[in-house]
Each structure stands twice: as structure tokens, then as C-alpha cells.
Amino acid sequence: MASPDLESPWLSLSSIDESFRGSFNIRMEKGNTADIFPVLEVPTSSVSCKCNIPKPPPLPDKACTKFKYQKRLVDCSVVPKESKDTWDKLFKEAHGADVYIITEDLSCIPAHSSFLSIASPALGNILQQSKVKNGIRNIKIPGVPCEALYVFIRFLYSSCYEEEDLKKFVLHLLVLSHSFLVPPLKRVCINHLEHGWLTKDNVIDVLQLARICDVPRLSFICVRVVVKDFKSISSTQGWKVMKHANPALEQELVEAVVEEDSRKQERLRKMEERKVYLQLHEAMEALLHICRDGCRTIGPRDKKLKGSQVACNFLACKGLEALVRHFSNCKARVPGGCVHCKRMWQLLELHSRMCNEPDICKVPLCRHLKEKMQQNSKKDEEKWKLLVSKVITAKKALGPFSARHAGLS
């Protein structure tokens, strides 16, 4: 939003001297125009920041919570380590095995059809369709290394695995757990991938498998990792393979990177915009402080000045003192003339629009400028109203407990 301009000379120079300079006791010090507070450099956007914080859910009923907790205890079961060791031993020793699982390298993993059918319904269906020869069923599971298949079958027996084996074959195990309907193993693979096992070298492969294996959360995490480190990931071998095999996914990821960059730029723009409105709010507070209480070198004639060595809690006070001192002595003070005087005019009008007590307000020209609002065009009036609303919003967003607000109190 462009800064509202004041082009019409409402007051004569003599009346300004009488109304403005007569209101202040100014201790003249050598001022520097570089110290003038750079106010009203308002951004061009008209987008306002709104905080829509949802209401928290109601607290759970005590009786309901107690009932659910008791039910949870009844449903829980604890499997002793000895039982897991027994099942693990049964798998490793293969005593009484009636199934041979043929691997990619034509190795055989002996197993028990009863265990496999219970642990995996998909494997149970395959076993039912397989032929029995000499009391043994043979099934083939190609496409995965023998070691990965061994870890998979072992998990079906005892839910046990070695950390190193899981980390080495986690992608194969994710595919196996999805293909043969083994949710516990699938959850284990997803949990480890989400918590530290994603790298720039495997994230593209994990992303594609997450889409195939219907793991939306893991897919989302992979996309965020790619967006965060796109430059490094786009140079990996996995990206190059994906680029030729799945160009649609490449286009999707590139668009996600562009969109994230746009959002980042928008956030930075809004932060700068909010910073300007906070500066305007501080300028309003400092202007009221100077006109009502007086500050170091400037204030009402009925107030004793504190001197330039006294610290002031108002952040904008120093620049505003220099601006007021310049305005009181400038020869081209009419609206639209000197750029510093123009800012002072804008500050005075902004205050008059935010002031609710113009009859007793001690800021010069407050009531006069409020009366002159009626002469503004509809377009100018809308600009001013929008500016006032944004300054008020910035003040509310500041919060009563922030350090910046504490400096103004």
C-alpha cells in the first residue's frame, strides 16, 4: 500500500507556526537529518495478517478416561523375552519345517506354513495354491536379496531383527511388508526411515517406494527433505535415475521447490511489512509521549525537559525528536514540500485518525486534522483506513508480554 499523500495545503505557514511551535518547549541542539525516524515507508501490499487460532478441545471426562484406561489394560498383553527367543530358535533351527522359500540366488529358507499363514495372509494364500511334493511346499519370492528375505521371515516368527540388518535392507523390507500384508514390520520400517535414516542419497528411492507402498506421511517427509536440500539431492544418482524413469515426479518436485521459495519470499515480505507497521505504532507512542509528558530535549511548555543524557524507553523517540525539530524550523513546511516535513504531516494525520480524544489531545493539530478528514476523497480515505487497521493489528500482534512492548510501557 502506497503511503497516503497530503497534497492539499490545508494550513498557512503562519498558522502552522502558531499551532505547532507554540505547543512545544524545544531545547535547540544541533540536529542531524540522518537521525530522523524513517516512518511511513509502507509496503505496497494490502494483505493483512490475521491470526486464526482454533479453540482447544474440551478436557476429557474423568469417568470416560478411567474406563478407556481400564479397557486398555485388559487388551494389553506382554510377550516374555523367553517366548520370543523360543520362536526365534524355531525359525533358525527349522525343526519340522514344511515350506522351502526359494530366494533370488536359488537359496532355500526353511519355514513352517502354519507360522507364515498366521503372520501373513498373503503368504497363506500363496501356500494354499502351491503344490506339495514329498511333504514340502516350495514357493519363490524373487526380486529381493536372500539376506533381506531371511530378515523378513525371521520377523514373521518372533518380531526380532538386528539393527544393522534392518538398516541395510530397510527398503526391501518395506516393500515385502507391504506386499505380504505385515503391518508391524511396515510400521518399524516407516518409523526408522522417518527418524534419521533418510539421507540425500536414498530420499528419492524412499519417496518412490512410499508412493507405491501407500505411506503418505513418509512421502510428505521425503518431499520436505528434497525441498530443503534440493541442490545436493538433484545431483545424486537416485535423482538422475528418477529423472529418466519418472519425469512426472521430477516435475512435481521442481514445482514444490519453486512453491516453497515463493512462500519463503512471501513470509519475508510480510515480516518486513509488519516491521514497518510496528515502527509506525512506535512512532505514534513516541509522538504522544513527547507531546504529553515531554522527553529529553523537547516537550510541552509546561513540562521540564529531562536533558539529552537521560535514557528514553520509547524506541522511536530520538528520531522523532529530530523530525519535530526539523519541522519547526523548515521553510518549506507545507504538505508536499520537504520530504521530512511530509513525513511529519503524515504522522500527525495518522495520529489524528487513531486518536479517540481529539478535544483534550495535546498533539498539535489533532482536532483540526480530524475535521479535515471529510474533505478527503473516497480513495484516500480507504487508504488511510487500511493503514490505521494495519498499525492497530501490528500493535495487537505485539502482545502485552513481548520485550518490544515492555520497552514502550
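The values are calculated or read from the model by the stated rules, or taken from the named source; none is laboratory data. For clarity, every value in this text was computed on a predicted model and none was experimentally measured. Cβ atoms come from the backbone with ideal geometry, glycine included; neighbour counts cover every protein chain shown. With ligands, DNA and RNA removed, areas are computed over all heavy atoms of the protein, side chains included. Shrake-Rupley method; radii C 1.70, N 1.55, O 1.52, S 1.80 Å.
Counting only DSSP beta bridges whose two residues both lie in segment 77-151, roughly 60 percent are antiparallel. Given R0 = 22 Å, the distance between the Cβ atoms of Gln237 and Asp214 translates into a calculated FRET efficiency of 0.30. Amide H contacts of Arg137: Val99, Tyr100, each under 5 Å away and 5 or more positions distant or on a separate chain (H built 1.01 Å from N in the peptide plane; Pro and chain starts excluded).
The heavy atoms of His195 present about 130 square angstrom of accessible area, all protein chains included, probe 1.4 Å.
Note the per residue figure in Å³ for the convex hull of the C-alpha positions in segment 88-162.
87
Of the trypsin sites (Lys or Arg not before Pro) found in segment 81-181, those that fall in a DSSP loop while having at most 10 other beta-carbon atoms within 10 Å are Lys131. Sequentially through segment 365-381, phi angles give Karplus couplings (6.51, -1.76, 1.60; θ = phi - 60°) of 6, 4, 5, 4, 5, 5, 5, 6, 4, 5, 8, 6, 6, 4, 5, 5, 5 Hz, Gly and Pro residues having no value and appearing as x.
Between the beta carbons of Asp380 and Thr199, assuming R0 = 56 Å, the FRET efficiency works out to 0.45 to the nearest 0.05.
For segment 127-285, the alpha carbon convex hull comes to 168 Å³ per residue, rounded to a whole number. Protection proxy ranking of 383-390, 122-129, 258-265, by the mean of other Cβ atoms within 10 Å over each peptide's residues and highest first, is 383-390, 122-129, 258-265.
Residue by residue, segment 191-197 carries 3J(HN,Hα) couplings of 4, 5, 5, 6, 10, x, 9 Hz when phi is fed to the Karplus relation 6.51 cos²θ - 1.76 cosθ + 1.60 (θ = phi - 60°); x denotes Gly or Pro. If R0 equals 35 Å, the separation of the Cβ atoms of Lys331 and Lys372 corresponds to a calculated FRET efficiency of about 0.90.
Taking segment 104-213, which GluC sites (Glu not before Pro) meet the DSSP loop condition and have no more than 13 other C-beta atoms within 10 Å? Before the final figure, lay out the partial values.
Numbers: sites: Glu104, Glu147, Glu162, Glu163, Glu164, Glu194; in loops: Glu104, Glu162.
Here the sparse-neighbourhood loop sites are Glu162.
What the phi angles of segment 139-144 give under the Karplus curve with 6.51, -1.76 and 1.60, with θ = phi - 60°, is a coupling list of 10, 10, 10, x, x, 10 Hz, glycine and proline written as x. Multiplying the residue separation of Asn138 and His95 by 0.36 nm and subtracting their alpha-carbon distance yields 13.8 nm.
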